[in-house]
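Here the structure is laid out as structure tokens; the discussion comes afterwards.
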Protein chains: 2
Amino acid sequence: MSSSSTAMRIGVLWSGDHLYPKVAETLEMLRSKGKQLVFVTNNSTKSRADYKKKFDKLGIRAEVDEVFGSSYSAAVYIARILNLPAPKNKVFVLGESGVEQELESEGVPYIGGTDAAYRRDIRVPEDFDNISNGNMLDPDVGIVLSGLDFHSNYLKTAIAFQYLQRGAVYLATNIDSTLPMSHTLFPGAGASGAALERAIGRAPLSLGKPSQAMMDAVEGKFRFDRRRTCMVGDRLNTDIQFGIDGELGGTLAVLTGVSKEEDFLAEGATTVPMAYVNTLGDLMG
Amino acid sequence: MSSSSTAMRIGVLWSGDHLYPKVAETLEMLRSKGKQLVFVTNNSTKSRADYKKKFDKLGIRAEVDEVFGSSYSAAVYIARILNLPAPKNKVFVLGESGVEQELESEGVPYIGGTDAAYRRDIRVPEDFDNISNGNMLDPDVGIVLSGLDFHSNYLKTAIAFQYLQRGAVYLATNIDSTLPMSHTLFPGAGASGAALERAIGRAPLSLGKPSQAMMDAVEGKFRFDRRRTCMVGDRLNTDIQFGIDGELGGTLAVLTGVSKEEDFLAEGATTVPMAYVNTLGDLMG
């Protein structure tokens, strides 16, 4: 990786299937100046390969290795930083296929996730007994990883809770409380995982922005110069905070997302970007 | 209701199908002294009628009207205290049939709950659109009521979240984080409802112990003299706190549950019962 980098929230590139103006040209301009690009996202339901397809579909040049999602962040953290001794490094997944694909990409064993065996109602009382006595548990599970799960249910939560009660490490891809969709808000990863968090009474280590565990995971993969890296994003409390906490050389707010100019220009604003533009394409001048 | 009363957590009577020693005799002794008995429970999955059957099965005399569960508490609160004008008083239920039965007993209209139409995966993107634009919503829903739900899923949480975003009153039968079952802990009502709480970013009004809204609901049904009422329970942070906060004349801890002698005898203990016995039957002397 070159010493000058731009970390960029994927959300500043497009909304749904709508590409913001001059995005492709702006990225090419940055590349032409020798900037290494890293596309960062807290969305745990899609893998880097899924994102590559989306970039291709929208006609933007990008490589799989330039994408850094919270699922991949979690996989890198588990494989390269946590690095529990096999076979006790198996992960119980609360989440979708994006999580599974990234764990596979790092060679991390897992169960749960999209496995249809867990997509059913809990049976009373036999499941309670079999979770309690361990018959329904895998003794090699040493980690519970929670991400946005559109198939969350009581059975999976109860099993994950039992693994945590037995000492498993508790991680989350990200803890965003809401998911903006269809012009309103839906439950986010922090919500779909909140049942487990409430039951166990403590928060997971999050591998998504603004957690610096994600920055550590980025460093676990790339070697980059934080002072020569700029974080570009449209949410103050995740993207910009992520860059500030990571002591990056620059933070740039883009006003195409939820955060607005008045949010950081207001007196007493706690998260203030070093610069801002209305749209990413404004960097073209 | 007589002026001298005993409010008693149902959990001090039995564990599963095992009745604690001398329970029937102790209750008869209290009745013979003219005490009005009220059996209080935070379990929202069972109705008062369900509990009456359990009392009968275990050979203990009790009337339906003596049982006061958190589902009934919520129904009484909605019908007699909140009392929203019809037709905008419909309840969207996250919970089991105990909640539905008690809402029916108080004549409160509801949707959701055990309705099979809500027990399915969310469909992307059509459900997101139809929740957002209101096609999947009932305009008469003015209240969301969250209880322990063994069939919790993303679809129901997303719909409830949308009702709350549109201004519905947010209630919970109870917010216990865990459910003791099969000699271990499972997710409780506070956990199964935590996804919604995290998404909306605020807590519901709980109608279970130790919330004084439950005490208000008890008063909404009975007229009793708080100074001549004793709360009997086995959990300090729910039962005993409930009695203390309600300024009842007495609080009696029973050591057959999770709370132990050392919990309230320890220096700095915040919730201290006025008296304690090893088992309820010890009241027989």
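The values are calculated or read from the model by the stated rules, or taken from the named source; none is laboratory data. These numbers were taken from a predicted model, which means no experiment stands behind them. Counting neighbours? That spans all protein chains shown, and the Cβs are built from the backbone with ideal geometry, glycine included. Side chains included, ligands, DNA and RNA excluded: accessible areas come from the protein's heavy atoms. Shrake-Rupley method; radii C 1.70, N 1.55, O 1.52, S 1.80 Å.
Is at least one residue of the stretch A:6-26 polar (S, T, N, Q), over 30 Å from A:Pro109 (Cβ atoms) and either touching an Asp or Glu at 6+ places or on another chain (Cβ under 8 Å) or open to solvent by 50 Å² or more (accessible area, probe 1.4 Å) (or both)? Scanning the stretch A:6-26 turns up at least one residue that is polar (S, T, N, Q), over 30 Å from A:Pro109 (Cβ atoms) and either touching an Asp or Glu at 6+ places or on another chain (Cβ under 8 Å) or open to solvent by 50 Å² or more (accessible area, probe 1.4 Å) (or both). Flag: A:Val99 does not match the condition of being out of contact with any Leu (no Cβ under 7 Å at 6 or more places or on another chain), under 27 Å from A:Met215 (Cβ atoms) and open to solvent by less than 40 Å² (accessible area, probe 1.4 Å). Scanning the stretch B:148-161 for residues that are more than 7 Å from chain A (Cβ to nearest Cβ) and either free of Cβ contacts under 8 Å to residues at least 12 places away in the same chain or farther than 14 Å from B:Ala74 by Cβ (or both), we see that the one that is surrounded by the fewest Cβ atoms within 10 Å (Cβ to Cβ) is B:Leu155. Only one of the listed residues (A:Val277, A:Val232) is outside the structural domain of A:Gly95 (by the TED database), at pLDDT 95 or above, crowded, with 23+ Cβ neighbours inside 10 Å and not small (Gly, Ala, Ser). That residue is A:Val232. Scanning the stretch A:270-285 for residues that are part of a loop (DSSP other than H, G, I, E, B) and either touching a Phe, Trp or Tyr at 6+ places or on another chain (Cβ under 8 Å) or free of Cβ contacts under 8 Å to residues at least 12 places away in the same chain (or both) returns A:Thr270, A:Thr271, A:Val272, A:Pro273, A:Thr279, A:Gly285. Only one of the listed residues (A:Leu185, A:Leu145, A:Leu179) is open to solvent by less than 10 Å² (accessible area, probe 1.4 Å) and in a strand (DSSP E or B). That residue is A:Leu145. With respect to the stated conditions, B:Arg166 is more than 9 Å from chain A (Cβ to nearest Cβ) and open to solvent by 20 Å² or more (accessible area, probe 1.4 Å). Residue count for the stretch B:11-41 under the criterion of being outside any helix (DSSP H, G or I), touching a helix residue (DSSP H, G or I) at 6+ places or on another chain (Cβ under 9 Å) and over 14 Å from B:Met231 (Cα atoms): the result is 5. In the set (1) at pLDDT 95 or above; (2) surrounded by fewer than 24 Cβ atoms within 10 Å (Cβ to Cβ); (3) more than 16 Å from the chain's Cα centre (by Cα), B:Arg223 fails one condition alone, (1). Criterion first (out of contact with any helix residue (DSSP H, G or I) (no Cβ under 6 Å at 6 or more places or on another chain), open to solvent by 30 Å² or more (accessible area, probe 1.4 Å), under 24 Å from A:Lys46 (Cα atoms) and outside the structural domain of A:Tyr154 (by the TED database)) does A:Asn237 satisfy it? Against the criterion (out of contact with any helix residue (DSSP H, G or I) (no Cβ under 6 Å at 6 or more places or on another chain), open to solvent by 30 Å² or more (accessible area, probe 1.4 Å), under 24 Å from A:Lys46 (Cα atoms) and outside the structural domain of A:Tyr154 (by the TED database)), A:Asn237 qualifies. I'm trying to understand the selection: among the residues of the stretch B:242-273, which are among the polar types (S, T, N, Q), surrounded by 21 or more Cβ atoms within 10 Å (Cβ to Cβ) and closer than 17 Å to B:Phe39 by Cα? Within the stretch B:242-273, B:Thr251 is the sole residue that qualifies.
Matching residues to (1) closer than 19 Å to B:Leu148 by Cα; (2) touching a Cys at 6+ places or on another chain (Cβ under 6 Å); (3) touching a residue at least 60 places away in the same chain (Cβ under 8 Å); (4) among the acidic types (Asp, Glu):
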residue: B:Val64; (1), (2), (3), (4): no, no, no, no
residue: B:Phe68; (1), (2), (3), (4): yes, no, yes, no
residue: B:Val76; (1), (2), (3), (4): yes, no, yes, no
residue: B:Asn83; (1), (2), (3), (4): no, no, no, no
residue: B:Ala86; (1), (2), (3), (4): no, no, no, no
residue: B:Val91; (1), (2), (3), (4): yes, no, no, no
residue: B:Ser97; (1), (2), (3), (4): yes, no, no, no
residue: B:Glu106; (1), (2), (3), (4): no, no, no, yes
residue: B:Tyr110; (1), (2), (3), (4): yes, no, no, no
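Exactly one residue out of A:Val108, A:Val64, A:Val76 is open to solvent by 50 Å² or more (accessible area, probe 1.4 Å) and not aromatic (Phe, Trp, Tyr): that is A:Val64. Every condition in (1) assigned to a helix (DSSP H, G or I); (2) touching a Phe, Trp or Tyr at 6+ places or on another chain (Cβ under 6 Å) is met by A:Phe264 except one, and the failing one is (2). Checking each residue in the stretch B:119-135 for being more than 7 Å from chain A (Cβ to nearest Cβ) and either under 18 Å from B:Gly167 (Cα atoms) or at pLDDT 95 or above (or both) picks out B:Arg119, B:Arg120, B:Arg123, B:Glu126, B:Asp127, B:Asn130, B:Ile131, B:Asn133, B:Gly134, B:Asn135. Within the set of pairs 6+ apart or on separate chains, which have a first residue in the stretch A:196-209 that is closer than 17 Å to A:Ser152 by Cβ, a second that is among the charged types (D, E, K, R), and C-beta atoms under 7 Å apart? Every condition considered, the pairs that remain are A:Pro204/A:Glu197.
Is it the case that some residue within the stretch A:193-200 is facing chain B (nearest Cβ under 10 Å), modelled with pLDDT under 95 and more than 14 Å from the chain's Cα centre (by Cα)? Within the stretch A:193-200 (the criterion being facing chain B (nearest Cβ under 10 Å), modelled with pLDDT under 95 and more than 14 Å from the chain's Cα centre (by Cα)), the answer is no, since none of the residues qualifies.
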